[in-house]
Amino acid sequence: MPDASLLIARSLKLLAEIALFAWLGQLLLGALLGAARDRNVVYGLFTAILWPVRWFADRLPAAWPLRRRRVMAAVLLGLVWAAALAWKVTLCVGGAVCR
């Protein structure tokens, strides 16, 4: 049975991947749809998936423009993914935990 810390690292990495891919999909779909994006079901699904990330971005300093706050939230999400990846690799190297 996998170690509990490996399970946490894998779960954190997976959640970050889902959020990053949803963000990329929403960005591309919004660019393709234009003004009709508000009526699109898939765009609404991406919005629902990204709600916690947008909530966090809105809590960043209000002096920053909205676009900068959202970019900073995406960068922080990428750093969470990288940290979870490094944690997972650290747990897997030198042990039979990942097999």
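The values are calculated or read from the model by the stated rules, or taken from the named source; none is laboratory data. Keep in mind that this is a model prediction, so the values were computed, not measured. Here Cβ is always computed from backbone atoms with ideal geometry, including for glycine, and neighbour counts include all displayed protein chains. Note: areas computed on protein heavy atoms with side chains; ligands, DNA, RNA excluded. Shrake-Rupley method; radii C 1.70, N 1.55, O 1.52, S 1.80 Å.
Before moving on, here are some points about what is shown:
- Between Ala48, Pro61, Leu91, the Cα set farthest toward the positive side of the dipole of the chain (charges on each charged residue's Cβ, about the Cα centre) is that of Pro61.
- The residues of the range 37-99 present an accessible area of 74 Å² per residue when probed at 1.4 Å with all protein chains retained.
- Per-atom-type breakdown for the chain gives carbon and sulfur 71% of the accessible area (1.4 Å probe, protein chains only).
- Taking every full run of DSSP H in the chain, the ones that stretch at least 30 Å from end to end by Cα along their long axis and average 0.5 or higher on the Kyte-Doolittle scale are 4-33, 66-92.
- Backbone N under 14 Å from the Ile49 label point (7 Å along Cα→Cβ), restricted to the range 18-35: 18-30
- Taking the chain as a Gaussian network of alpha-carbon nodes connected by springs under 10 Å, the highest mean-square fluctuation of the residues Ala86, Ala62, Ala48 belongs to Ala62.
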